[in-house]
Structure formats: C-alpha cells, structure tokens
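The values are calculated or read from the model by the stated rules, or taken from the named source; none is laboratory data. Quick caveat, the model's predicted, so the values are computed rather than measured. Cβ coordinates were reconstructed from backbone atoms using ideal geometry, including for glycine residues, and neighbour counts include every protein chain displayed. Please note that ligands, DNA and RNA were not included when accessible areas were found on the heavy atoms of the full protein model with its side chains. Shrake-Rupley method; radii C 1.70, N 1.55, O 1.52, S 1.80 Å.
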Amino acid sequence: MDCIFCRIAGKEIPSKVVHETENVLVIKDIDPQAPVHLLLIPKAHYPTLLDCDDTRLFGEIIEAAKDAAKKSGVDKSGFRLTVNTNEEGGQTVFHLHMHLLGGRALAGKMG
Ligand code: 5GP
Ligand code: ZN
C-alpha cells in the first residue's frame, strides 16, 4: 500500500521524530501551522478516525500527546489536539493522525 504515513512510521521516509511509543510515532509536521506542530501517527494503518475502534490505541495517542507537549515546552502555555476527519474535516492524508498545535495563541474558534 502506498501510504506516506505508513512509510514514515516504518522509517522508510525520514522525519523529525520527537517522541515514540510502542504503537505511536510523534513527528514534526513538514508544513507547520504554529511554532509547535506535531503529528501523532499510529504505526498501524487506519484511513480515518472512523475506521479505528482500538480504545487502547486512542489512550496511547493521548498519553503520547501529553508527553510530547511537555517535551516541546507547551504544556503550561497550552496546546490543541485535532483529528481532521474526511473531506470537510480537512483531512488530506488518509492515515489516522492527530495534530498537536502550540507555541502561539490559537484562534478561539475552531475554524
Ligand atoms: P491532515 O490535513 O490530513 O489533517 O494533515 C496532514 C498533515 O500532514 C499536514 O499538516 C501536512 O503538512 C503533513 N504532512 C504531509 N506530508 C508530510 C510528510 O511527508 N512529512 C511530514 N512530517 N508531514 C507531512
Ligand atoms: Zn498508512
């Protein structure tokens, strides 16, 4: 399967890894929308949030996000977690991932 995030998670394609757990890779986004813009990528392939019902994995992603926020120094100032889903949700890469944004005041509204 030709999936860019599978290739990144398998370390076939290089990326800036900031944190890693058993099932999740946390990397810097290639086109950052904030001073801190990380992607939490499960190593297993699920096209969208709707395709995954692994609640342990969801827990691992959230815990990895908390750790990555601390490592990146945005835990106290604040950050936002987002899972864009399908077309109107703004999803462009169809391998489940969560964004972590921080390092500046984010707009109060969601979009
Ligand atoms: P989506 O729009 O699907 O929620 O988010 C996809 C994100 O992946 C975008 O923010 C985009 O900049 C990022 N992205 C796409 N290709 C690559 C890549 O090859 N490497 C990294 N680090 N980020 C990527
Ligand atoms: Zn994939």
Among the residues of region 25-58, the number that are over 13 Å from residue 81 (Cβ atoms) and either open to solvent by 30 Å² or more (accessible area, probe 1.4 Å) or touching a Leu at 6+ places or on another chain (Cβ under 7 Å) (or both) is 23
Restricting to region 21-59, give me the number of residues that are free of Cβ contacts under 8 Å to residues at least 40 places away in the same chain, of a type in the set (Asp, Glu) and either within 14 Å of ligand 1 (Cβ to nearest atom) or on the phi > 0 side of the Ramachandran plot (or both). 1
All positions within region 91-110 that are touching a Gly at 6+ places or on another chain (Cβ under 9 Å), surrounded by fewer than 17 Cβ atoms within 10 Å (Cβ to Cβ) and touching a residue at least 12 places away in the same chain (Cβ under 8 Å): 103, 106
Is there a residue being of a type outside the set (D, E, K, R), closer than 25 Å to residue 14 by Cα and either in a loop (DSSP other than H, G, I, E, B) or open to solvent by 80 Å² or more (accessible area, probe 1.4 Å) (or both) anywhere in region 62-70? no
